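Undergrad: Have a look at this one.
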């Protein structure tokens, strides 16, 4: 699969619209659409890194041309994705602190 196909598949599996992904990555919807349709050759590593972070995956997974990409086939539930998206909007220190707190709460049950 191409970069665009992998991004499209992961985005759909995570119940994100192109608009939502564009917002998470600080990119335009038009650019996300062009990437998904493989209509651009000008995708920087920095841009791929932002998209990978928003989709909770790695650059390697996005560039992997294997149709059996396990992460792309995993369905992420909507609230899990919303939580992940909110954590990704925070700076790393706050995101890590909240993630640690959530894990502590889950372990107490």
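Undergrad: Kindly state, as a whole number, the per residue volume in cubic angstrom of the convex hull around the alpha carbon atoms of the chain. Present the calculation step by step, with values, prior to reporting the outcome.
TA: Details: hull volume 11.2 nm³, N = 109.
It comes to 103 Å³ per residue, whole-number rounded.
Undergrad: Between the stretch 76-109 and the stretch 1-68, what's the alpha-carbon centroid distance in Å?
TA: 22 Å
Undergrad: P(r) for the stretch 2-62, please, calculated from all Cα pair distances in 10 Å bins and given in %.
TA: 25, 68, 7
Undergrad: Ranking 12, 105 by Cβ neighbours within 10 Å, fewest first, what do you get?
TA: Fewest-to-most Cβ neighbours within 10 Å comes out as 105, 12.
Undergrad: Could you order the peptides 94-102, 15-23 from most to least packed, using the average number of other C-beta atoms within 10 Å per residue?
TA: Going by the mean number of other Cβ atoms within 10 Å, highest first, we get 15-23, 94-102.
Undergrad: Rounded to the nearest 0.05, what FRET efficiency is calculated for residue 100 and residue 38 with R0 set to 35 Å and r the Cβ-Cβ distance? Write down the numbers at each step before the final one.
TA: Values: r = 39 Å, r/R0 = 1.12.
Calculated transfer efficiency: 0.35.
Only the coordinates and a few stated rules stand behind these numbers; no lab work does. Because the structure is a prediction, the values reported are computed rather than measured. Positions of Cβ are generated from backbone atoms using ideal geometry, with glycine treated the same way; all protein chains shown enter the neighbour counts.
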